[in-house]
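The structure appears below as structure tokens.
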Amino acid sequence: MAKKEQAPNMVEQFAEFKELKHIDKTTMISVLEESFLSVLAKMFGTDENLDVIMNPDKGDVQIFQNLIVVPDGKVTNPNTQISLSDARADNDPDAEIGEEHTKEIIFASFGRRAILNLRQTLQSKILDLQKEAIYSKFKELEGELVSGEVYQTWSKETLLLDDDKNELLLPKSESIPGDFFRKGETVRAVVANVDNKNNNPKITVSRTNENFLRRLFELEVPEIHDGLINIRAVARIPGERAKIAVESYDDRIDAVGACVGVKGSRIHGIVRELRNENIDVINYTSNPEVLIGRALNLSRPPQMRLDTEAKKAEVFLRPDEISLAIGKGGLNIKLASMLTGYTIDVYREGAYANEEDIYLDEFKDEIEGWIIDTLKNMGCITAKSVINTPRQELIDKADLEEDTVDEILQILKAEFDEYSN
């Protein structure tokens with residue numbers, strides 16, 4: 001009778017956890033065996049001489065205890081030993097002293113408390129297994145797009161639930177300015193970070209991460225999804241403006257046109273998702289001068305001085321181009337720097353771009369670096385531009401001592417006197 005009580009109990013347990021947790025049969029068998037051994041070890045003090053055989057298809061669970069046969073009256077540990085007479089009475093008439101006797105244990109005979117302990121142990125192991133599975137799943141999804149339903153919103157974060165009821169945390173710092181979510185609303189974001197501290201997965205998602213913009217373009221532009229167009233660089237100031245550099249692997253495909261779509265049909269959906277964040281799409285090139293010009297949205301190739309090692313670019317523009325290149329609040333030039341990887345400074349065309357002039361950086365051995373940086377911030381990036389600036393203006397605007405200004409002018413003028421001689 002004991003076996004009949006045990007079998008349906010285990011069938012029920014297996015079916016319940018398999019249905020709710022989507023665990024494969026092999027893993028489930030392993031977890032059940034471990035759970036039995038864990039409970040039995042507490043009952044018998046060890047599990048080293050115990051064997052658990054699972055057959056979940058039939059609901060059979062057989063437990064065997066391997067005991068050493070000892071003379072009658074010499075049993076000191078009933079968990080590891082059995083008397084000769086008891087062994088022979090237990091379906092082993094040929095048992096001999098010193099041999100191993102295998103005794104079947106009927107788990108259900110230990111009562112409801114033992115079954116309850118088994119169930120609790122099984123639940124704990126299943127929960128740990130689920131947490132590991134969740135962590136592994138979302139760790140592989142870092143940088144990928146996911147969606148979830150708004151479950152609750154707090155001042156510093158929003159809790160989303162995906163289709164499998166996994167919790168996704170969207171911090172305020174990872175939300176786009178202007179984001180406002182209602183309970184039950186579906187929100188899209190990318191998996192930014194997955195932590196598993198103390199086997200408790202924490203999934204953080206982001207709508208400000210540059211990968212969010214990449215994934216949205218992949219959704220809206222089939223050519224990107226199919227690999228015909230590649231996104232080479234992305235720069236974002238969330239909620240304000242973004243720039244994206246794209247490259248086509250097929251000469252017949254206009255990369256920018258494909259991303260924008262007919263009358264902006266493709267990019268409009270992305271802009272709405274990003275709370276009306278303006279997006280500039282430019283053609284990528286490996287030529288840094290051309291790329292910088294495109295990133296600044298200039299209508300013509302500008303004169304430029306590049307320091308490829310320091311990743312600095314000095315761009316010379318007409319007065320009417322400077323404000324456009326810098327952009328409102330400096331957003332345009334900041335994004336252009338982020339996109340290209342170059343620190344970009346813009347200056348007026350004219351004497352600054354004269355090849356007969358000498359850049360201030362050439363005087364770093366004679367003039368301190370912070371003074372050169374101060375002069376450059378005034379717009380004086382060459383020796384002649386400093387020489388041609390009124391002395392008092394250098395004193396006032398650069399906030400330098402008179403003796404320092406005189407010394408600088410002497411050093412710079414001496415360089416040109418040397419050339420003239």
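The values are calculated or read from the model by the stated rules, or taken from the named source; none is laboratory data. The structure displayed is predicted, hence computed values, not measured ones. In this analysis, Cβ positions are derived from the backbone assuming ideal geometry, glycine residues included, and neighbour counts consider all displayed protein chains. Areas reflect the complete protein model, heavy atoms only, side chains present, ligands, DNA and RNA absent. Shrake-Rupley method; radii C 1.70, N 1.55, O 1.52, S 1.80 Å.
Rounded to the nearest Hz, the phi-derived 3J(HN,Hα) couplings of the range 242-253 under the Karplus curve 6.51 cos²θ - 1.76 cosθ + 1.60 (θ = phi - 60°) are 9, 10, 9, 9, 10, 9, 9, 8, 10, 4, 7, 9, where x marks glycine and proline. The equivalent ellipsoid of the range 268-421 has semi-axes of 35, 17, 13 Å, largest first, where each one is the square root of 5 times an eigenvalue of the Cα gyration tensor.
With only alpha-carbon atoms in the gyration tensor, what are the semi-axes of the equivalent ellipsoid for the range 115-267, in Å, largest first? Show your work: numbers first, answer last.
On the way: eigenvalues 269, 70, 32 Å².
Its equivalent ellipsoid spans semi-axes of 37, 19, 13 Å.
Could you sort T186, T404 by accessible area so the largest value comes first, with the probe set to 1.4 Å? Walk me through the intermediate numbers first.
Numbers: T186 100, T404 40 Å².
Largest accessible area first, the residues go T186, T404.
With 20 Å bins beginning at zero, the pair-distance distribution over Cα atoms of the chain amounts to 19, 29, 23, 16, 11, 3, 0 %. For the chain, a Gaussian network of Cα nodes joined below 10 Å ranks R232, R215, R391 by mean-square fluctuation, and the top entry is R391.
Accessible-area rank, largest first, for D307, D250: D307, D250, with all protein chains present and a 1.4 angstrom probe.
Of all DSSP bridge pairs formed entirely within the chain, close to 75 percent run antiparallel. For the range 187-211, backbone nitrogen atoms closer than 12 Å to the point 7 Å from N166 Cα along Cα-to-C-beta are found at 191-195, 201-205. For trypsin sites (Lys or Arg not before Pro), the sites in the range 301-352 that DSSP calls loop and that have at most 16 other Cβ atoms within 10 Å are K311. Give me the net charge for the shell around L394: Cβ to Cβ below 11 angstrom, other residues only, Lys and Arg +1, Asp and Glu -1. Charge balance near L394 sits at -4.
When the accessible area of the chain is split by element with a 1.4 Å probe, what percent falls to carbon and sulfur?
Numbers: 10730 of 23830 Å².
C and S fraction of accessible area: 45 percent.
Over 28 Å between Cα atoms, which of K312/K397; K183/K334; K42/K131 qualify? The pairs that break the limit, which is 28 Å between Cα atoms, are K183/K334.
Note on the chain: with a GNM built from Cα contacts shorter than 10 Å, the maximum mean-square fluctuation among S147, S323, S83 falls on S83.
Give a quick list of GluC sites (Glu not before Pro) in the range 243-336 that DSSP marks as loop, anything other than H, G, I, E or B, with at most 11 other Cβ atoms within 10 Å. Numbers along the way, then the final one.
Values: sites: E247, E273, E277, E289, E309, E314, E321; in loops: E277, E309.
Of the GluC sites (Glu not before Pro), the ones in loops of the range 243-336 whose Cβ has at most 11 other Cβ atoms within 10 Å are E309.
Can you work out the FRET efficiency for the pair E96 and S30, with r the C-beta to C-beta distance and R0 = 35 Å, to the nearest 0.05? Mind dumping the intermediate values first?
Details: r = 35 Å, r/R0 = 1.01.
Calculated value: 0.50.
Rolling a 1.4 angstrom probe over the protein heavy atoms with all chains in place gives the range 245-317 an accessible area of 55 Å² per residue.
Computed extension length for F64-V262: 64.0 nm, one decimal, from 0.36 nm per residue of separation with the Cα-Cα distance subtracted. Span-like helix criteria (full DSSP H runs; alpha carbon extent of at least 18 Å along the helix axis; mean Kyte-Doolittle hydropathy of at least -1.0) are satisfied in the chain by 25-44, 112-139, 402-420.
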